[in-house]
Amino acid sequence: VTKRDQVLVAGHQRPDTDAVVAAVVLARLRRKRDRRRHYLAIMQGEANRQTRWLFQQTRIKLPPIRHDIRWTVGETMHGEEQGIISLSPEARLGDAMEILQRQRISMVPVVDRDRRLLGVISPRLPQNQYFFNFNVEDYLGHLLSLEDVVLTFGLQTLKSARIEPAAAMPGSFRVAGGGTLNIDGGDVVMAVASANVIREVERAGAQAIIIADATRADAERAAKASRHLPVYFYAGSLLALLSSLSLCIPLRTIMTAEVVRLKSDQRLDQALPALQDSLHALPVVDEEDRLIGVLSHHQALSPKRRSLILVDHFERTQTVKGVDAAKIEEIVDHHRVGGIETLMPARVDCRPVGSSATIVALQFEEAGLIPTADEATLLLGALISDTLLLTSPTTTAIDRALAPKLAKVAGVKLKSFGRELLRQNDELADGDAEKLVQKDVKAFTRGELNFGVAQLETVDLSTLNHERARELRQALDRFRLKSGWGMAALAVTDVLKGDSRMLIIDQEPERERHLAAGSTNEQGEVWAGMVSRKKQILPLLCERLDSYIG
Ligand SMILES: [Mn+2]
């Protein structure tokens with residue numbers, strides 16, 4: 001499986017529990033049915049407290065956060081999965097050339113023992129013209145040493161040096177061709193097997209002689225003419241030896257150390273200019289400059305469309321960045337059919353039910369599969385979250401039938417699990433009072449009086465204790481003064497029980513008592529069965545205002 005066979009499953013921005021769970025469990029369901037591809041859930045932003053709590057009830061991990069699905073360098077490069085080819089600085093130019101030709105690549109990275117990038121070798125760089133230029137006579141002692149030649153060709157030693165030759169003695173490669181010899185100290189001479197030549201070369205102060213174009217026996221006989229001069233034997237022609245000298249050059253001496261390095265999490269389109277400026281593929285390194293991949297022009301210029309499954313949204317404004325360059329294969333949602341267009345025919349599973357998790361659970365059933373306990377826990381949590389424990393008007397008979405079944409598989413009690421889950425996102429207990437009274441507030445006028453009515457939803461009205469009620473009253477009063485209202489009310493509504501408690505603050509204490517119907521309870525009068533501000537709470541408040549004679 002390569003990274004290219006990945007299918008991302010994404011929920012909407014500012015993810016709620018349903019968006020995260022539907023993506024995670026749908027990805028797991030698809031994986032069970034299709035093992036050839038890698039289905040990977042992502043979320044567009046931090047999970048909220050409720051979602052984190054729900055995942056903590058399972059062994060399933062929260063998906064990675066990803067806002068932008070455009071390809072990264074890491075996803076496009078030739079990486080570990082495909083095998084990264086690199087060479088050590090002690091490798092030879094011949095090794096590099098072989099790889100470059102066999103793999104048809106433009107560059108070979110040179111790395112140390114810890115895979116740290118030291119440089120690159122590329123025949124496309126002007127400084128690497130040795131690839132096409134065998135005129136290496138004068139490179140001895142600069143680009144390569146006698147030892148490099150001996151090691152690379154596995155030259156047989158016929159007469160060894162008394163003193164080890166210096167690793168990089170400067171000199172030239174010379175060919176003893178029969179004419180007058182012109183040898184300087186430090187030169188390495190290549191010659192046919194001739195005792196006379198050996199004597200002459202030794203007299204001239206050469207570093208060593210390599211005998212080629214000869215049988216081993218002839219070479220050994222000639223070598224006897226040497227007193228101290230090291231003599232080596234090359235089992236091949238003089239021409240072959242001469243023309244392949246450059247292959248002995250160690251990479252450390254000719255690699256290009258100054259090279260642009262790409263990072264794996266860099267976006268591909270942002271790495272393109274550097275790549276287009278480069279004559280060869282570019283290395284990709286980690287934080288410690290260790291080689292983790294190579295990005296070629298070919299890979300970068302023709303990226304495939306990314307496969308994508310969208311869940312819990314059907315609006316362009318809520319979806320991931322980079323959706324235009326992706327191939328939407330599927331949409332699973334319970335909202336209205338919105339403004340997302342697909343390039344190719346897509347499988348769309350939109351059903352008017354309480355949550356996207358409901359649809360995912362139904363897909364399990366339809367596939368003849370049962371979710372694991374952990375998967376059922378997540379699905380149930382998302383279903384409860386979106387339907388406020390099956391109380392919201394979006395709840396359907398399908399949701400009501402499904403919830404107890406999921407609870408059974410999950411091994412939890414529906415009601416108590418649901419309340420515990422909903423409490424996680426409940427701000428009544430610990431939210432900032434100043435923010436809570438302003439979160440959902442509307443201004444009204446009745447006669448001469450300007451007033452405001454705020455509403456705060458909770459799943460557990462018992463968290464509104466005396467202390468909390470006092471805090472909220474004080475914050476409400478400050479907000480009333482700032483807004484220039486004569487009166488302000490806060491309805492704390494228990495969405496599960498369908499009741500509200502009314503906290504009322506009025507500049508006229510007498511009217512305040514009247515509006516509270518004489519109740520002196522600091523936690524507010526209970527308005528039983530009242531949840532709708534527009535249809536229930538405001539009419540009763542206005543009725544009491546009208547009946548007040550100050
Ligand atoms: Mn939803």
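The values are calculated or read from the model by the stated rules, or taken from the named source; none is laboratory data. This one's a predicted model, so the numbers in the text were calculated from it and none came from an experiment. Ideal geometry is used to build each Cβ from the backbone, glycine not excepted, and the neighbour counts take in all protein chains shown.
In a residue-by-residue description of region 372-385, the property of being farther than 30 Å from Pro539 by Cα, modelled with pLDDT of 95 or more and of a type in the set (D, E, K, R) applies to at least one position.
Look at (1) touching a residue at least 60 places away in the same chain (Cβ under 8 Å); (2) within 16 Å of the ligand (Cβ to nearest atom) and you find that Arg49 fails only one, number (2). Of all residues assigned to region 367-378, at least one qualifies as being outside any loop (DSSP other than H, G, I, E, B) and within 16 Å of the ligand (Cβ to nearest atom).
Across region 386-422, the number of residues qualifying as touching a residue at least 24 places away in the same chain (Cβ under 8 Å) and either β-branched (Val, Ile, Thr) or part of a loop (DSSP other than H, G, I, E, B) (or both) comes to 13. The set of residues in region 428-448 that are among the acidic types (Asp, Glu) and part of a loop (DSSP other than H, G, I, E, B) comprises Asp430, Asp432, Asp440, Glu448. In summary, Glu287 fulfils each of the numbered conditions (1) exposed (fewer than 14 other Cβ atoms within 10 Å of the Cβ); (2) at pLDDT below 95 with the single exception of condition (2).
Right, Lys224: touching a residue at least 12 places away in the same chain (Cβ under 8 Å) and either farther than 30 Å from Trp71 by Cα or touching a Cys at 6+ places or on another chain (Cβ under 8 Å) (or both) or not? Considered against the rule, which asks whether it is touching a residue at least 12 places away in the same chain (Cβ under 8 Å) and either farther than 30 Å from Trp71 by Cα or touching a Cys at 6+ places or on another chain (Cβ under 8 Å) (or both), Lys224 comes out as yes. Every listed requirement among (1) surrounded by 15 or more Cβ atoms within 10 Å (Cβ to Cβ); (2) in contact (Cβ under 8 Å) with a residue 60 or more places away in the chain is met by Ala257 save one, (1).
Taking region 138-244 and the helices (runs of 4 or more DSSP H) fully enclosed by it, the elements with 3 or more residues that are under 60 Å from the mean Cα position of the chain (by Cα) are at 146-153, 238-243.
For Ile85, indicate whether it is within 30 Å of Ile254 (Cα to Cα) and in contact (Cβ under 8 Å) with a residue 12 or more places away in the chain. It is true that Ile85 is within 30 Å of Ile254 (Cα to Cα) and in contact (Cβ under 8 Å) with a residue 12 or more places away in the chain. Against the criterion of being free of Cβ contacts under 8 Å to residues at least 60 places away in the same chain and more than 16 Å from the ligand (Cβ to nearest atom), Leu301 qualifies. Asn425 meets each of the listed conditions (1) buried (at least 19 other Cβ atoms within 10 Å of the Cβ); (2) within 34 Å of the chain's Cα centre (by Cα); (3) not in a helix (DSSP H, G or I) apart from (1). Does any residue of region 61-83 turn out to be out of contact with any strand residue (DSSP E or B) (no Cβ under 9 Å at 6 or more places or on another chain), at pLDDT below 95, more than 23 Å from Ile384 (Cα to Cα) and among the acidic types (Asp, Glu)? Yes. Among the residues of region 391-405, which ones are out of contact with any Ser or Thr (no Cβ under 8 Å at 6 or more places or on another chain) and surrounded by 20 or more Cβ atoms within 10 Å (Cβ to Cβ)? Residue satisfying the conditions is Ala403 alone. Within the span defined as region 62-70, every residue fails to be of a type in the set (Lys, Arg), away from the ligand (no atom under 16 Å from the Cβ) and over 21 Å from Val320 (Cα atoms). Cβ-Cβ distances below 7 Å connect the following pairs, each with a first residue in region 358-385 that is in contact (Cβ under 8 Å) with a residue 60 or more places away in the chain and within 16 Å of Asp399 (Cβ to Cβ), a second residue that is assigned to a loop (DSSP other than H, G, I, E, B) and among the basic types (Lys, Arg), and a separation of six or more residues or different chains: Ile359/Arg351. Of all the residues in region 318-356, those that are part of a loop (DSSP other than H, G, I, E, B), more than 14 Å from the ligand (Cβ to nearest atom), surrounded by 14 or more Cβ atoms within 10 Å (Cβ to Cβ) and more than 24 Å from the chain's Cα centre (by Cα) number 3. Across region 287-299, a minimum of one residue is classified as assigned to a helix (DSSP H, G or I), within 20 Å of the chain's Cα centre (by Cα) and farther than 19 Å from Met255 by Cβ. A count restricted to region 379-397 and to residues that are within 11 Å of the ligand (Cβ to nearest atom) and within 19 Å of Val9 (Cβ to Cβ) stands at 4.
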